[in-house]
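Have a look at the structure below before the remarks.
The values are calculated or read from the model by the stated rules, or taken from the named source; none is laboratory data. Predicted model only: the values in this text are computed from it and were never measured. In this analysis, Cβ positions are derived from the backbone assuming ideal geometry, glycine residues included, and neighbour counts consider all displayed protein chains. Areas reflect the complete protein model, heavy atoms only, side chains present, ligands, DNA and RNA absent. Shrake-Rupley method; radii C 1.70, N 1.55, O 1.52, S 1.80 Å.
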Amino acid sequence: MNQSNFCISVIIPTHNGANRLKNCLDALSKSLSKDDEIIVVNDASTDHTEQIVNQFNCRLFTLSENVGAARARQYGATQAKNKILFFTDDDVLVKSDTLHKLRVQFRDPKISGVLGVLDSDIPFKNFASNLKNLWMRFSYLKCPTENVGLFYTSVASIRKEVFEKVGGFDVRYTGASLLEDTEFGQRVWQQGYNIRIDPLLGVTHVKHYTLMSMLKTDFDRAKALTHMKLRKSGEKFFTSVPFSFQLAIPFLLLSVLLLVSALTWNMSFWWSGLCGGFFFFLVSPWIKFLFKTKGIVFGFAGTLFQPIDSLIVGLGMITACLRHFVGKTF
């Protein structure tokens, strides 16, 4: 078997990520084989990114203008020398055996791409960072392990041949986009290529959130996902968000509307409570996961916070529907 078929090109886009990049590259360097390569696409950073990259054995490409994650990743892929592309971010720490595990997976000719998952432990203790990290882990672990329409670029790999056939990332996604990777995964899946999730392929996502930044991210992502679903109306659609959660959002919104109606017109609170009960029933697998993973105190905090976060998600979905109605599809 030709070993060159399993050499990996690691692609990292970064914009002003110098403070994160050193740990990322240090971890990757411990996972490389001699024929692997690391490509860093410096997306017009104004910090000391280049000095950090030059401390490691990397190929550095510096862009003259800030083009956003989609274009930066796309550019990095065009420069790759190897047959397997591995996309990650400057705030992700791989393990020493991460790239070896990828090579083992790609020895299966039926596999076109491999995704990993985020570890449950992160170096931050605050509630928002841990809740967001756990949600990403939970939602991926709930997916099937074969034939998934996802491509979460914190830890995502694909054969370069397949990447090129599908057309790469949609560069119409600009700035710090949330969905160019998800949209790409949809196209890979729709064209019949098999992307596998390996639950044992874990990485640490060193991403700090405040409550406000988490809510903003969830609003923006819900809006972007809804935009994409409306834009691809009539096509097969894959999402990591469990169907029960998609169903829970309308129940929560209805519960709030009924509560306002009850307070305004002296109506019964019974229907609002019933819809609220359905909401918590539908999200109960997630709540159980929080209790199991982080304990009673965190579980209760997550339970109390979940309606707030879900309302923000619902508002993001409504915003996307209104924007789509007036012709704004991105």
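Under a Gaussian network description of the chain, with springs only between Cα atoms under 10 Å, the residue in Gln105, Gln186, Gln55 that fluctuates furthest is Gln55. If I take all pairs of Cα atoms in region 182-300, what percentage of them are more than 21 Å from each other? Result for the distance tail: 61 percent. Atom-type composition of the exposed protein surface of the chain places 60 percent of the accessible area on carbon and sulfur (1.4 angstrom probe).
What is the projected area of the convex hull of the Cα atoms of the chain, averaged over all directions, in nm²? Intermediate values should be presented prior to the final figure.
Numbers: hull surface 72.6 nm².
Orientation-averaged projected area of the Cα hull: 18.2 nm².
Antiparallel beta bridges, as assigned by DSSP with both residues in the chain, represent about 35 percent of the total such bridges.
Please report, in debye to the nearest 20, how large the charge dipole of the chain is about its Cα centre when each Lys and Arg carries +1 at its beta carbon and each Asp and Glu carries -1 there.
Values: 37 positive and 27 negative charges, 117 e Å.
Here the chain has a charge dipole of around 560 debye.
Projecting the Cα atoms of Tyr209, Leu230, Val188 onto the dipole axis of region 165-237, where Lys and Arg carry +1 and Asp and Glu carry -1 at the beta carbon, places Leu230 farthest toward the positive end. Think of it as helices only: each DSSP H run of n ≥ 4 in the chain is worth -39500 (n - 2.57), and spread over all residues that comes to -16500 deg cm²/dmol at 222 nm. The label-point distance for Val171 and Phe124, in a model that sets each label 7 Å from Cα toward Cβ, rounds to 3.2 nm.
Are there trypsin sites (Lys or Arg not before Pro) in region 7-53 that DSSP puts in a loop and that have at most 11 other Cβ atoms within 10 Å, and which ones? The partial results should precede the final answer.
Numbers: sites: Arg20, Lys22, Lys30, Lys34; in loops: Lys30, Lys34.
In loop regions of region 7-53 (DSSP not H, G, I, E or B), the sparsely surrounded trypsin sites (Lys or Arg not before Pro) are Lys34.
When the Cα positions of Val67, Ile39, Gln51 are compared along the charge dipole of region 1-143, Ile39 comes out farthest toward the positive end, with charges on each C-beta of Lys, Arg, Asp and Glu.
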